[in-house]
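*Asks:* My questions all concern the structure below.
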Amino acid sequence: MNIGILALQGAFKEHKDILDKLEADSYEIRKKSDLKKRPDGLIIPGGESTVIGKLLNDLDMMEELKDMIENGIPVFGTCAGLILLAKKIENDKRIHLGCMNIEVQRNAYGRQLGSFVTEEEFQGIGKIPMVFIRAPYIKSTGNNVKILSEVKGKIIAAEEKNILVTAFHPELTKDTRVHKYFIEKITE
Ligand code: GLN
């Protein structure tokens, strides 16, 4: 198995460290030709969705990435990755990859709660630590979207077919279980 991690901006290295721990091979996707290396799954990391979105356009990678996801490659988006995958962003006119039937709110926790750490139930896994950094939450979900976790009454993890998203950063904790869950999605 080889997982491609989008490495244009943001916290991509931390995903690689977790995959290393789980003994799953991975490589960094930095340019269009890296998409052709036939990854078995993709990770879109946290960072700044506007910056990553702009780079995907500038590097002419947006359409190809979108096609791969629409053709069913398993993809895991964290935080900005979740925003990039959403079909609708409540407080932003931009749509980036627009593959997942969710409506999200960016920077949704205000100044005071801009960043926080908590522990909550994640469906199928149990209680896990969650790091939120200027995170979005999911305001509403379409028909086929399965809600996996909620914090403070807001949806913060969900799944739709091949797409898994979390508003928090599992890669910034020592807990490897969400990545393991994603790997299981690939091997299913
Ligand atoms: N606030 C960022 C955005 O809107 C997301 C933050 C993150 O990825 N930690 O893209």
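FYI, it's all coordinate maths here, none of it is from the lab. The model shown is predicted, which means the values in this text are computed figures rather than measured ones. Positions of Cβ are backbone-derived with ideal geometry, glycine not excepted, and every protein chain shown enters the neighbour counts.
*Asks:* So what J values fall out for the range 128-138 if you push phi through Karplus, 6.51 cos²θ - 1.76 cosθ + 1.60 with θ = phi - 60°, rounded to Hz, Gly and Pro as x?
*Replies:* In residue order, the calculated couplings are 9, x, 9, 10, 10, 10, 6, 7, x, 10, 9 Hz.
*Asks:* Sticking with the crude label model, points 7 Å out along Cα→Cβ, report the distance from residue 118 to residue 30 in nm, one decimal please.
*Replies:* Between residue 118 and residue 30, the label points sit 3.8 nm apart.
*Asks:* Now for a different question. For the range 118-124, just list the computed ³J(HN,Hα) in residue order, Karplus coefficients 6.51, -1.76 and 1.60, θ = phi - 60°, integers in Hz, with x standing in for Gly and Pro.
*Replies:* 3J(HN,Hα) across the range 118-124, in whole Hz: 8, 9, 8, 5, 10, 4, x.
*Asks:* Long-range amide H contacts for residue 27: which residues qualify at under 5 Å (H placed 1.01 Å from N, peptide plane, sequence gap of 5 or more or a different chain)?
*Replies:* 3, 4, 5
*Asks:* What area, in nm² and to one decimal, does the C-alpha convex hull of the range 70-188 cast on average over all directions?
*Replies:* Working: hull surface 27.9 nm².
Across all orientations, the range 70-188 yields a mean hull projection of 7.0 nm².
*Asks:* What percent antiparallel are the DSSP beta bridges of the range 1-129, to the nearest 5?
*Replies:* Working: 4 of 18 bridges.
Antiparallel: roughly 20 percent of the beta bridges in the range 1-129.
*Asks:* I would also like to ask the following. Taking the chain as a Gaussian network, Cα atoms linked when under 10 Å apart, which of 142, 53, 81 shows the biggest mean-square fluctuation?
*Replies:* Between 142, 53, 81, it is 142 that shows the largest mean-square fluctuation.
*Asks:* Report, in deg cm²/dmol and to the nearest 500, the calculated mean residue ellipticity at 222 nm for the chain, where each DSSP H run with n ≥ 4 adds -39500 (n - 2.57) and the sum is divided by the residue count. Provide the component values of the computation, followed by the final result.
*Replies:* Numbers: 5 runs with 45 residues, N = 188.
When only DSSP H runs of four or more count, the value is -7000 deg cm²/dmol.
*Asks:* Now for a separate question. Would you kindly derive the ³J(HN,Hα) couplings of the range 89-104 from the backbone phi angles with the Karplus curve 6.51 cos²θ - 1.76 cosθ + 1.60 (θ = phi - 60°), listing them in order in whole Hz, with x for Gly and Pro?
*Replies:* Couplings: 10, 4, 10, 7, 6, 6, 10, 9, 6, x, 9, 10, 7, 9, 10, 10 Hz.
*Asks:* Under a 5 Å amide H to amide H cut-off, with H placed in plane at 1.01 Å, what residues pair with residue 155 once short-range neighbours are removed?
*Replies:* For residue 155, the qualifying residues are 138.
*Asks:* While we're on this one: Kirkwood Rh and Cα-based Rg: tell me the resulting Rg over Rh for the range 133-188, rounded to two decimals. Spell out each step's value before the answer.
*Replies:* Numbers: Rg = 11.8 Å, Rh = 12.2 Å.
Radius of gyration over Kirkwood radius for the range 133-188 works out to 0.97.
*Asks:* Going through the range 115-178, which chymotrypsin sites (Phe, Trp or Tyr not before Pro) have at most 12 other Cβ atoms within 10 Å and a DSSP loop state?
*Replies:* Details: sites: 116, 122, 132, 137, 168; in loops: 168.
Filter output for the range 115-178: empty list.
*Asks:* Here's something else I'd like to know. Give the Debye-formula value of log10 I(q)/I(0) at each listed q (0.11, 0.12 Å⁻¹), with one equal scatterer per alpha carbon of the range 100-161, two decimals each.
*Replies:* Once normalised to I(0) and log-transformed, intensities are -0.24, -0.29.
*Asks:* Considering amide H positions built from the backbone, and no H for Pro or chain starts, which residues 5 or more places from residue 89, or on another chain, come under 5 Å of its amide H?
*Replies:* Under 5 Å from the amide H of residue 89 lie the amide H atoms of 104, each far enough along the sequence or on another chain.
*Asks:* Enter the Cα centre distance for the pair the range 1-46 and the range 103-174, rounded to the nearest angstrom.
*Replies:* Using only Cα atoms to place each centre, the spacing works out to 21 Å.
*Asks:* Go ahead and set up a Gaussian network model of the chain, Cα springs under 10 Å, then flag whichever of 49, 33, 140 fluctuates most.
*Replies:* Comparing 49, 33, 140 in a Gaussian network model of the chain, the most mobile one is 33.
*Asks:* Take the Cβ-Cβ distance between residue 1 and residue 71 as r, set R0 to 25 Å, and report the resulting FRET efficiency rounded to the nearest 0.05.
*Replies:* Numbers: r = 18 Å, r/R0 = 0.72.
Computed FRET efficiency for residue 1 and residue 71: 0.90.
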